[in-house]
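What follows is calculated from the coordinates using simple rules that are stated; it is not laboratory data. Predicted model, so just to flag it, every value in this text is computed and none were measured. All Cβ positions, even for glycine, are placed from backbone atoms using ideal geometry, and neighbour counts span all protein chains on display.
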Number of protein chains: 2
Amino acid sequence: MKDIARHAGVSQSAVSFALNGRPGVSEDTRERVRRVAEDLGWRPSTAARALSGEGAATVGFVLARPADTLGVDSFFLQLVSGIQEVLAERHLGLLFQVVEDVSDECAVYRRWWAEHRVDGVLVVDPRTDDPRPDLLDELGLPAVVIGGAPDDRHPGLSTVWADDAGAMASVVEGLYALGHRRIAHIAGLPGLAHTERRIRTLRAEAGRRDLTEVRSVTTDYSDTEAAAVTRRVLEGAAPPTALIYDNDVMAVAGAGAATELGFSVPADVSVVSWEDSALCRMVKPWLSALSRDSAEFGRTAARELIALLDGGSARAVGVPVPRLVERGSTGVARGA
Amino acid sequence: MKDIARHAGVSQSAVSFALNGRPGVSEDTRERVRRVAEDLGWRPSTAARALSGEGAATVGFVLARPADTLGVDSFFLQLVSGIQEVLAERHLGLLFQVVEDVSDECAVYRRWWAEHRVDGVLVVDPRTDDPRPDLLDELGLPAVVIGGAPDDRHPGLSTVWADDAGAMASVVEGLYALGHRRIAHIAGLPGLAHTERRIRTLRAEAGRRDLTEVRSVTTDYSDTEAAAVTRRVLEGAAPPTALIYDNDVMAVAGAGAATELGFSVPADVSVVSWEDSALCRMVKPWLSALSRDSAEFGRTAARELIALLDGGSARAVGVPVPRLVERGSTGVARGA
DNA sequence: ATTAGTGACTAATGCGCATTAGACGACCGG
DNA sequence: CCGGTCGTCTAATGCGCATTAGTCACTAAT
């Protein structure tokens, strides 16, 4: 800026005013300064900006996953891609970190905030009994929870929520209409909020319809565990006629396991994947799946965080209910 | 630090010396200051540190991909996970950005560097005729190229390279030994350096062995294009008896397409995937795949970048040659 | 003709840290 | 007894920017 000031024949303050759209300089000077800055290829130093109270121009994103669990998951990359799209417009950076577990994640938040590294964070995989919202509240670190519940909002946190309950209800309704009475739900990690939500909704829907042979089994989202659970479930007496998997990887693995066991899909068992991706079209039959726009999910979350940073107040916004894309893996229940 | 100084009864400079391990304070004072800092939960402001010449304590990572191409790709997440592991030890942040194409990527580098946002960057997907190395050299931005060639190193850039040539040679040798004489290589994006390297090596290896019916076809890495190309290749006269796919997604899609066409895997065609992941064990038969440790790839790259930031000079380091994991999709060529 | 007011600009300060240039006493050899 | 050296500490400066408090000339109003 000193250079610019010299070249333009004004003071540094004038340059600052000109470049930041502040009053105090004539339009003439402003334009001249702008051109000089352009010529010199000047960009404000984020460090200096941050130091003089403007914030870090960065938001944080922590993924708490054991390294080997980061598998064939299209969700996060798409989510991040959507987040970026919105952040980029405002020239906000995304500081990304992968850690082992939630307590590490909390430590990262503490550090980032203490170091003034971020202005806000995006939190994923909310859990039942989650320490993070309290921590973020305590720190006063602006945050939006991705995939939380619409109700349990903490004072300072925004939430972007997907209607798992509604989606589960519609899936159950569809299967019921096809004559399915015995349904197994191969769920994800037990601690996650959306896992519990889906399980609760399934139970509630089953109750409403008098379905007694409905159950949920939690897993670690892996293909191997999904296959194992599928085998166990199908080998029991009165096996289910429909299987709902909490992600695409498990659905594919499960469908494979079922086939190996001699169950034909969808003649003997219907399969639904709670996540749509190319994977679902890589097996025969193609898997019916709940399709949601993960990138849009990310965009919405990013927009909410920006609103928070701009001084807006916390709120909860929903994203569209996932839509069930019927493919070849769902059909009328045997004997119905 | 002012607070710490007050609490400890010393000057700010003394605090700085104490906390940074600089000489100029007694061990006694140092320890006292450390404890006070600990009690106060002090963390240095990265902004202030950066401003006083210490660098941003951050490295950048740009992924240039059209948003919809970010699919079921386990490679990047694992790579990033490995990178993080090493960066975290040094408390270096990872600034992550997704952009549309390489020219956007260059713009991001320019901006990051001008804004002093990063101390260095990790570059992926090097291309033939790539503008990035020149740009980075020109800017003087420390960088390591992930997946480059061992030779074409620019003065200032380190390279972490995988021995595609060696891997391709061993795959061809294996297939040759099984009696395969007609091989098709369903490659990735034409512009990418490693795509070209694999294609060149395949051609060379074919030449050495007098295999005349060997070819490579470039694609966009998608399952749909892989399936289409597979069909085109297999429906021709004298179809290949072995197919090499440049990633796991294509291999699975291609194997599926082959099966639909009435080709049995591996009786009629052998299939090799140049990327191992859970995907390869989700189809029947399981796919033989070149397995490499993507996380280790990332760790190595991160270590190289840190060495560069520490003032080390640029160099090229290799990672272990991928190993072919033989599963059910490769076998003796029909008629051999 | 004096004052109040306004627009355009400059000087000075602070953000939180690292670092350089001293200040001051203790210790040592001559 | 004195100059020199070392160890321990403090004061002062700068990093690049935003911002606040002036400064100055010029115009409108009394």
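Miscellaneous remarks
- Euclidean distance of C-alpha centroids, the stretch A:157-201 and the stretch B:268-336, integer Å: 37
- Label-point separation in nm, residue A:291 to residue A:12, each point 7 Å along Cα→Cβ: 5.7
- Amide H contacts under 5 Å for residue B:216: B:185, restricted to partners 5 or more places along the chain or on a different chain, H placed in the peptide plane at 1.01 Å from N.
- Viscosity 1.002 mPa s, temperature 20 °C, Stokes-Einstein D of the stretch B:1-68 from Kirkwood C-alpha radius, µm²/s: 155
- Going from the fewest other Cβ atoms within 10 Å to the most, the residues A:180, B:154 appear in the order B:154, A:180.
- Counting, for every residue in B:76-85, the Cβ atoms of other protein chains within 10 Å of its Cβ and taking the mean gives 5.
- Taking 26 Å as the straight-line reach from the Cα of residue A:284, the lysines in range (excluding those fewer than 8 positions away in the same chain) are B:284.
- Placing a label point 7 Å from Cα along the Cα-to-Cβ axis, residue A:200 is separated from the same position in the other copies by 6.0 nm, shortest listed first.
- In the protein assembly as shown, taking the dipole from charged Cβ atoms about the Cα centre, the farthest positive-side position among A:76, A:206, B:239 is held by A:76.
- On the beta carbon distance between residue B:177 and residue B:261, with R0 = 22 Å, the FRET formula returns roughly 0.25.
- Per residue, the convex hull around the alpha carbon atoms of the stretch A:1-124 comes to 127 Å³.
- Taking a point 7 Å out from the Cα of residue A:238 in the direction of its Cβ, the residues of the stretch A:196-232 whose backbone N falls within less than 20 Å of it are A:202-217, A:230-232.
- Between residue B:159 and B:145, B:315, B:316, B:317, the built amide H atoms are under 5 Å apart, and every one of these is 5 or more places off in sequence or on another chain.
- Square roots of 5 times each gyration tensor eigenvalue, C-alpha, the stretch B:63-139, largest first, Å: 20, 19, 11
- More than 14 angstrom apart: percent of Cα pairs within the stretch B:123-200: 65
- When peptides B:246-255, A:296-305 are sorted by average Cβ neighbour count within 10 Å, with the highest value leading, the order is B:246-255, A:296-305.
- Calculated FRET efficiency, residue A:138 to residue A:204, Cβ-Cβ distance, R0 = 22 Å: about 0.05 to the nearest 0.05.
- Distance between the stretch B:1-80 and the stretch A:74-133 - C-alpha centres, whole angstrom: 19
- Per principal axis, descending, Cα span of the protein assembly as shown in whole Å: 80, 70, 59
- Share, in percent, of DSSP beta bridges within the protein assembly as shown that are antiparallel, nearest 5: 15
- Rg(Cα)/(2.2 N^0.38 Å) for the stretch B:164-291, N = residue count: 0.94
- Taking GluC sites (Glu not before Pro) across the stretch A:57-160, the ones in a DSSP loop with at most 15 further Cβ atoms lying within 10 angstrom of their Cβ are A:100.
- For the stretch A:1-107, applying the loop criterion from DSSP together with a ceiling of 14 other beta carbons within 10 Å to the trypsin sites (Lys or Arg not before Pro) yields A:90.
- Chain B shape via C-alpha gyration tensor axes, a/c threshold 1.5: prolate
- Sequence-separation-based contact order of chain B, relative, with Cα cut under 8 Å and 6+ spacing, percent: 18
- Here the simple spin-label model places points 7 Å from the Cα toward Cβ, and for residue B:27 and residue A:114 these points are separated by 2.6 nm.
- Approximating the spin labels as points 7 Å out from Cα along Cα→Cβ, the residue A:336-to-residue A:20 distance works out to 6.4 nm.
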